[in-house]
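> Once you've had a glance at the structure underneath, I'll fire off some questions.
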Amino acid sequence: NRSEGRPKSHYLQQSLTLLSAVHSATEPDGAVDASIARLRSRMGLPDVDRFAQSALSDPTLAGADLSDAIFSLADARFRQGRYQEAIVVLEPLWKFRRSSMPWLLRAQCEEVLDNEAATEQALLNAVRIEPRLWRIHQKLAEFYHHRGDERRARYHEARAVP
């Protein structure tokens, strides 16, 4: 097997190289730009927002590509310290994508903005969608410990098992 021993980052870089070549050689394509934005975000590279916005300017963009572009743009805003903007960008995802990830990103934004009630609600929404993700329960346990609600903290600690 030729893939043995190669780190995941190698394949991410290879994917980015191939998609960048497609991007340069063709007319603008929202799906390609959304994929580039997603990869650049995962790799911690700059220009995520440029590719995400380019993808979002494609009126035919839909489904997973649209979700990826929105999430990538929101994540870029979060990394830039533009937390309120990230929350606004995420708004459409709550209507058409059932995933815990946008809710977790919103929880992070709300936490930085010191919005305790909104942080709690975002975490609870995330755990309702994916109750088996132990990291969400861990975040809720930490949240409730911080608030002094030991009963709820213990409840989530018991579920925060990897």
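The values are calculated or read from the model by the stated rules, or taken from the named source; none is laboratory data. These figures come from a predicted structure and were not determined experimentally. Cβ coordinates were reconstructed from backbone atoms using ideal geometry, including for glycine residues, and neighbour counts include every protein chain displayed. Areas reflect the complete protein model, heavy atoms only, side chains present, ligands, DNA and RNA absent. Shrake-Rupley method; radii C 1.70, N 1.55, O 1.52, S 1.80 Å.
> Pop a pseudo-label 7 angstrom from the Cα along the beta-carbon direction at both residue 9 and residue 53 and give the gap in nm to one decimal.
2.9 nm
> Probe radius 1.4 Å, ligands and nucleic acids left out: which of 95, 139, 8 has the largest accessible area, and how do the rest follow?
Highest to lowest solvent-accessible surface, that is 95, 8, 139.
> Output needed: percent of Cα pairs per 5 Å distance bin for the range 88-162, bins running from 0 to the one holding the longest distance.
Calculated P(r), rounded to whole percents: 3, 18, 27, 25, 16, 7, 3.
> Given a Förster radius of 25 Å and the C-beta distance between residue 21 and residue 60 as r, what FRET efficiency does 1/(1 + (r/R0)^6) yield to the nearest 0.05?
On the way: r = 22 Å, r/R0 = 0.87.
The value I calculate is 0.70.
> Determine the principal axes of the Cα atoms in the chain, then give the extent along each, sorted from largest to smallest and rounded to whole angstroms.
Taking max minus min along each principal axis of the Cα atoms, the chain gives 58, 41, 26 Å.
> Taking the Cβ of residue 66 as the center, what net charge do the other residues with Cβ under 11 Å away carry, scoring Lys and Arg +1 and Asp and Glu -1?
Neighbourhood net charge equals -2.
> Rounded to the nearest 10 Å², what accessible area does residue 89 show when all protein chains are kept and the probe is 1.4 Å?
30 Å²
> Moving to a separate point now. Roughly how much of residue 161 is accessible, in Å² to the nearest 10, using a 1.4 Å probe?
So the heavy atoms of residue 161 present about 90 Å² to solvent.
> What net charge is computed for the residues neighbouring residue 127, neighbours being all others with C-beta under 14 Å from the C-beta of residue 127, Lys and Arg scored +1, Asp and Glu -1?
Spelling it out: positives minus negatives among the neighbours equals +4.
> Quick check: net charge around residue 111, other residues with Cβ under 14 Å of its Cβ, Lys/Arg +1 and Asp/Glu -1?
Working: positive: 106, 139, 147; negative: 110, 114, 116, 120, 142.
Net charge around residue 111: -2.
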